[in-house]
1. Are any residues in the range 111-140 open to solvent by less than 50 Å² (accessible area, probe 1.4 Å) and either touching a Leu at 6+ places or on another chain (Cβ under 6 Å) or outside any helix (DSSP H, G or I) (or both), and if so, which ones?
2. Count, please, the residues in the range 157-180 that happen to be free of Cβ contacts under 8 Å to residues at least 60 places away in the same chain and part of a helix (DSSP H, G or I).
3. Looking only at residues in the range 23-61 that are modelled with pLDDT under 90 and of a type in the set (S, T, N, Q), which one is most open to solvent (accessible area, probe 1.4 Å)?
4. Among (1) at pLDDT below 90; (2) surrounded by 21 or more Cβ atoms within 10 Å (Cβ to Cβ), which single condition is Ala158 missing?
5. Go through the range 139-156 and report how many residues are of a type outside the set (A, V, I, L, M, F, W, C) and free of Cβ contacts under 8 Å to residues at least 24 places away in the same chain.
6. Looking at Gly64, Gly10, which one is within 20 Å of the chain's Cα centre (by Cα), at pLDDT below 90 and open to solvent by 20 Å² or more (accessible area, probe 1.4 Å)?
Amino acid sequence: MNEQLDREGGRGLAHELVERLKERILAGELEPGSKLPAESSLTAEFGVSRTVVRESISRLQAAGLVETFQGRGSFVLALPAHEFSLDASRIRSHRDVLDLLDFRIGLEVEAAGLAAGRRTEHQLKAIARALTDFRRAGQDPGKLVAADFAFHLKVAVASGNRFYSELLDSLGPMMIMLPRTRLDPSYSPADASHFTRVIAEHENIYDAIARSDPEGARAAARVHLSNTRHRLQK
């Protein structure tokens, strides 16, 4: 496990640790109500930094698997009876994709507003890293999709409401990929001007969240997703 963690970057490290802890929770090794091992114990056991441990616990919180109490630590929650999810495979037609954008506008506009009012410094840094990853993705369509999705998911996590992040997580990167497959060639992901516009739209969302401006964040998220919908209609 430690060797695998050492071969990956920070995001990969956190993902691996989350999966290992999920396995323990689902297997009953960590029972509902039990306390997660201390940060120091997890860093020693898995050979990762405290930053990776905190990111992993943040993801477990977003998934509704643990709850953290300041000064007391993180505790395992009872497993939900069913998943709160949407099935991206049901989105097939151009009309479905437009409806998906309408749904995302309603969901992500409010998530961005809540994120601006509730985000922690750790969550803000996670959004910033996702934005940097998106900039660095360049013109690789595969990397762009994954980085784009990560940015939107990090904003949803920062809302402090796990239902926002669970819904986006259930859709996965397909919520980004499907609209792009319907874009007119003039708005291809490989088009530099298109990429520049989307970067600017993401930066506007981040900037509003960073300055704790809920209405500005809502407006920026609405502009971004509405522009995407407009590009799909052309």
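1. Arg119, Ala137, Gly138, listed by residue number.
2. Step one: filter the range 157-180 for residues free of Cβ contacts under 8 Å to residues at least 60 places away in the same chain, giving 158-161, 164, 173, 176-177, 180.
Subset that is part of a helix (DSSP H, G or I): 158, 164, 176-177, 180.
Matching residues across the range 157-180 total 5.
3. Gln61
4. For Ala158, the exception is condition (1).
5. Selection size over the range 139-156: 3.
6. It is Gly10.
The values are calculated or read from the model by the stated rules, or taken from the named source; none is laboratory data. Since the structure is predicted, the reported quantities are computational estimates derived from the model, not experimental observations. Note: ideal-geometry Cβ built from the backbone for every residue, glycine included; neighbour counts use all protein chains shown. Accessible surface is based on the protein model in full, side chains and every heavy atom, while ligands, DNA and RNA are left aside. Shrake-Rupley method; radii C 1.70, N 1.55, O 1.52, S 1.80 Å.
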